[in-house]
Amino acid sequence: MIRSASPTPAGSTPHYLTPVEDEAIWDRIRAEAESDSVAEPALAGFLNTVVLGHESLADSLSYLLASKLESPTVTALTLRDLLQPVFAENHDIMAAVLADLQAIATRDPACRGYSQPLLYFKGFHAIQAHRVSHHYWKQQRFALALFLQSRISEVFAVDIHPGAQLGKGLMFDHATSVVIGETAVIEDDFSMLHEVTLGGTGKIGGDRHPKIGRGVMIGAGAKVLGNIKVGEGAKIGSGSVVLHDVPPHTTVAGVPAKPVSYPRSAHPALDMDQSLDEASDSNLDPAWTS
């Protein structure tokens, strides 16, 4: 039986989860669900319905999302028929689902098992539901894609335009009030917290939203606005307003945001270190410090 580790002493960082290979994730999820159903009999029916009664992660995820996104006018059964083929028949999408589970397992110290984000983390749910809406957007099934966007926003408080392009290995921690515009692009291995906006700057159409490089981390409440580039391995401090390109491997903060330091690692999204180390103006781009 898989059980959570014993409580961690005060002042130390808990880490309950030992990562497994992608091929073993579904077996681990089932084992965790079986253990939890024994420990919490009141949840046994829920865990059997959502996890243990399914043969694959694609089936389980489709069932879970359909049950959350259903409405009085579009049933869970109808939604499941729309969701399940996208997950089951698209290798790249399922690879992204697994990469997102791995991202949470290795970056979030509050995560005690692979079943936890699948069952309870709305940031994970919103990303995976968006992958379906984006799939239908690319097929020019715009009405369906926009319906899914609307339900995702209403249910999870995460508003991602179906045209936005998301990579894999993503973590939206907490995720409430996240907004991502139509022409935004997020590359792989990205992390951000709640209340982040990747938005435009006005009513002009066309390519108007940020392009986020690999390994970027964005702190809570930051606003990144316009068709700008945030370079690979950059870090954006909480509450910042970013209006210009951010060089790779640079930490910016403030309103408007300016460089303040350099991340301690090549890809800050992976270690989630939100500190702002000091750096002298002589080491920063003169265009930012003038």
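The single condition from (1) within 17 Å of the chain's Cα centre (by Cα); (2) within 19 Å of ARG131 (Cα to Cα) that HIS209 fails is (1). Within segment 203-219, being open to solvent by 10 Å² or more (accessible area, probe 1.4 Å) and either in a loop (DSSP other than H, G, I, E, B) or modelled with pLDDT under 95 (or both) holds for LYS203, ILE204, GLY205, GLY206, ASP207, ARG208, HIS209, ARG214.
What is the number of the single condition among (1) more than 20 Å from ASP100 (Cβ to Cβ); (2) open to solvent by less than 20 Å² (accessible area, probe 1.4 Å); (3) in contact (Cβ under 8 Å) with a residue 24 or more places away in the chain that THR183 does not meet? Evaluating THR183 over (1) more than 20 Å from ASP100 (Cβ to Cβ); (2) open to solvent by less than 20 Å² (accessible area, probe 1.4 Å); (3) in contact (Cβ under 8 Å) with a residue 24 or more places away in the chain leaves (2) as the failure.
If you go through segment 127-142 and keep only what is in contact with a helix residue (DSSP H, G or I) (Cβ under 6 Å, 6 or more places away or on another chain), hydrophobic (A, V, I, L, M, F, W, C) and open to solvent by 20 Å² or more (accessible area, probe 1.4 Å), you end up with just TRP137. Scanning segment 35-47 for residues that are surrounded by 13 or more Cβ atoms within 10 Å (Cβ to Cβ) and within 22 Å of ALA110 (Cβ to Cβ) turns up SER35, ASP36, SER37, LEU43, PHE46, LEU47.
Among the residues of segment 48-68, those identified as within 12 Å of ARG30 (Cα to Cα) and either surrounded by 21 or more Cβ atoms within 10 Å (Cβ to Cβ) or within 20 Å of the chain's Cα centre (by Cα) (or both) are VAL51, LEU57, SER60. Selection of segment 71-123 for residues being more than 14 Å from the chain's Cα centre (by Cα), surrounded by 14 or more Cβ atoms within 10 Å (Cβ to Cβ) and of a type in the set (D, E, K, R) yields ARG80, ARG112. Counting only helices (runs of 4 or more DSSP H) wholly contained in segment 1-109, the ones carrying 2 or more residues that are under 15 Å from PHE121 (Cα atoms), at pLDDT 95 or above and hydrophobic (A, V, I, L, M, F, W, C) occupy 57-69, 91-107. Taken together, the criteria exclude ASP245 from residues that are within 13 Å of the chain's Cα centre (by Cα) and at pLDDT 95 or above.
Note on segment 153-171: among residues that are part of a loop (DSSP other than H, G, I, E, B) and touching a residue at least 40 places away in the same chain (Cβ under 8 Å), the one that is most open to solvent (accessible area, probe 1.4 Å) is LYS168.
The values are calculated or read from the model by the stated rules, or taken from the named source; none is laboratory data. Owing to the predicted nature of the structure, the values given are computational and were not obtained by experimental measurement. Glycine also receives a Cβ, built like all others from the backbone with ideal geometry; neighbour counts cover every protein chain displayed. All accessible areas refer to the heavy atoms of the entire protein, side chains included, with ligands and DNA or RNA removed. Shrake-Rupley method; radii C 1.70, N 1.55, O 1.52, S 1.80 Å.
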